[in-house]
Amino acid sequence: ASAGVVLAASVGARRTQLAVCDLAGEPLATVEREIDVEQGPDVVLPLIMDIWSDLLGDRPVSDVWGVGMGVPATVEFAAGRTESARVMASWTGIAIPPLIRERFDVPVFVDNDVNVIAMGEHRKVYADQYDDLLFVKVSTRIGAGVIAGGGILRGALGAAGEIGHIPVRDGGGVLCRCGNTDCVDSVASATAIVRDLRARGRDVSSLADAVALVRAGDAETMAVIRRAGRLLGEVVASAVNLLNPAVVVLGGDVVEAFQPLVSAVREVVYSRSTALATRSLRIERSVLGSAAGIAGCALLAIDHVLSAEAVDAPR
């Protein structure tokens, strides 16, 4: 494991975690930074690479074997190119690996942020128990990562897991940023919860304000949280019927903040999914939490640089 390192970056809409990891995927140095991805790749990527250089310290660049990165956008995995980036609009069509290889001349792998989180949670927590897992991230946006047969399911071009844009019934006609109405992303995400609380007269500007209201026993806030959980559960139930995972893992800021949302998801999934699909289904909160992203990014690179093909390739 100490023969080299990989660089990892779990990029979020507002927060980014960065690390230098050994070849077993264990972090050797980590940092979390507030980075606005909407500044665009010309600003964000040089900043990320500068932070990696700082984390490397006295370690030579030649020790770096690969780079793994997760971004909050749909990614055409083979090219490492972001597509249909509703959160990262200025990144649409950008192939990220060549830009990083200009500075770190190593293999670079980029995937959707929830895919890498799903990989990290599965490999570190559930790999010895289950081969089929659905990870649902509920934060500023809602997305999913699918582990099928022990590996990540990306689909034909990398668009698998975009459950945030599946519509729900009785969503209230909310316009989603994708142009459709009542996508679960627009009615059950952190952004939607804050918006709905404001509409009910609550003075909130962030998820932390909503947490404070819940702790104060505010009934309206609890109603909003439970409704978001039921709407999310409606979509997760459909995914369970389609994919038949052994475990559904819920993660992200909203899940960490509100247990009632998790309970509402469980209630709907167990009542609306088929009896066989739910016979032994587990619905759990994330064990790794924010550490899952870095773990998955590191594994994304390690799985490739330590593959038989890469090891046997001429140097």
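Surface composition of region 71-177: carbon and sulfur make up 52 percent of the accessible area, probe 1.4 Å. Show me, for region 238-249, the HN-Hα J-couplings you get by feeding each phi into the Karplus relation (A = 6.51, B = -1.76, C = 1.60, θ = phi - 60°), rounded to Hz, glycine and proline as x. These are the phi-based 3J(HN,Hα) values: 5, 5, 5, 4, 7, 9, 6, x, 7, 9, 9, 10 Hz. With the cut-off at under 13 Å, measuring from each backbone N in region 93-135 to a point 7 Å along the Cα-to-Cβ line of Leu153 picks out 131-135.
At 222 nm, what value in deg cm²/dmol follows for the chain if DSSP H runs of at least 4 each add -39500 (n - 2.57) and the sum is divided by all its residues, to the nearest 500?
So the calculated ellipticity at 222 nm is -11500 deg cm²/dmol.
In this calculation the C-beta distance from Ala24 to Ser53 is compared with R0 = 22 Å, giving a FRET efficiency of 0.45. With everything on Cα atoms, drop me the angle between helix 291-305 and the longest principal axis of the chain, reported from 0 to 90° to the nearest 10. So the helix axis and the longest Cα principal axis differ by about 40 degrees.
Note on exposure: Glu234, Glu267, Glu26 ranked by accessible area (1.4 Å probe, complete protein assembly) read Glu267, Glu26, Glu234, with the most exposed listed first.
Hey, can you rank 220-226, 167-173 by average C-beta count inside 10 Å, highest first?
Numbers: 220-226: 19.1, 167-173: 13.1.
Highest to lowest by the protection proxy: 220-226, 167-173.
Normalised per residue, the accessible area of the chain is 43 Å², obtained with a 1.4 Å probe and no contribution from ligands, DNA or RNA. Region 109-155 and region 259-276 have their alpha-carbon centroids 20 Å apart. Here region 197-252 has 48 percent of its accessible surface on carbon and sulfur atoms, given a 1.4 Å probe and all protein chains in place.
The values are calculated or read from the model by the stated rules, or taken from the named source; none is laboratory data. Please read all numbers here as calculations on a predicted model, not as lab measurements. Methodologically, a virtual Cβ is constructed for each residue, glycine included, from the backbone with ideal geometry; neighbour enumeration extends over all protein chains shown. All accessible areas refer to the heavy atoms of the entire protein, side chains included, with ligands and DNA or RNA removed. Shrake-Rupley method; radii C 1.70, N 1.55, O 1.52, S 1.80 Å.
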